[in-house]
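> Once you've had a glance at the structure underneath, I'll fire off some questions.
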Amino acid sequence: MSEPDPVDLERIKVEILLDSPLVRRVEEAAERHGLTGWTVLPTLGGSGRSGRWRDDQVTGAASKVLFITVCNREKAEAFTRELSPVLEAYGSVLLKSKVEVVRPGKF
């Protein structure tokens with residue numbers, strides 16, 4: 001059995017650091033663009049252009065999460081194009097990177 005072509009294994013990983021109240025909006029956009037899997041992770045804190053921040057576990061209003069998905073280039077471009085204005089307005093961080101997947105049929 002021959003090794004698959006690395007180009008066939010390439011996908012795009014999209015990572016979005018956003019305020020937790022925006023998660024549902026991002027999940028709905030993911031569904032509209034045919035993204036079948038994603039993960040939302042809690043965050044503890046960090047530092048950025050506006051300085052240090054910490055998770056507010058009392059109200060959750062200032063909590064941030066990390067939304068991660070892996071998909072093909074076309075879906076990643078459409079998904080991030082739709083979300084970019086919203087994420088920019090809220091100061092969210094959007095990262096895209098090329099990744100090589102082990103089971104391309106899942107992505």
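> Which one is modelled with the lowest pLDDT, of the residues in region 77-99 that are more than 23 Å from Arg11 (Cα to Cα) and small (Gly, Ala, Ser)? Working first, answer last.
Narrowing region 77-99 to residues more than 23 Å from Arg11 (Cα to Cα): 85-86, 88-91.
The next check asks that each one be small (Gly, Ala, Ser); those that pass are 89, 91.
On the way: Ala89: 92, Gly91: 85.
Checked region 77-99; the qualifying residue modelled with the lowest pLDDT is Gly91.
Per-residue answers, yes or no, for (1) touching a strand residue (DSSP E or B) at 6+ places or on another chain (Cβ under 8 Å); (2) open to solvent by 40 Å² or more (accessible area, probe 1.4 Å); (3) part of a strand (DSSP E or B):
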{"site": "Val65", "(1), (2), (3)": "yes, no, yes"}
{"site": "Thr69", "(1), (2), (3)": "yes, no, yes"}
{"site": "Glu74", "(1), (2), (3)": "no, yes, no"}
{"site": "Ala78", "(1), (2), (3)": "no, no, no"}
{"site": "Leu83", "(1), (2), (3)": "yes, no, no"}
{"site": "Glu88", "(1), (2), (3)": "no, yes, no"}
{"site": "Leu95", "(1), (2), (3)": "yes, yes, yes"}
{"site": "Lys98", "(1), (2), (3)": "yes, yes, yes"}
{"site": "Gly105", "(1), (2), (3)": "no, yes, no"}
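The values are calculated or read from the model by the stated rules, or taken from the named source; none is laboratory data. Quick caveat: nothing in here was measured; it's all calculated off a predicted structure. Cβ sites come from the backbone with ideal geometry, for glycine too, and all protein chains shown count toward neighbours. For accessibility, only protein heavy atoms count, side chains too; no ligands or nucleic acids. Shrake-Rupley method; radii C 1.70, N 1.55, O 1.52, S 1.80 Å.
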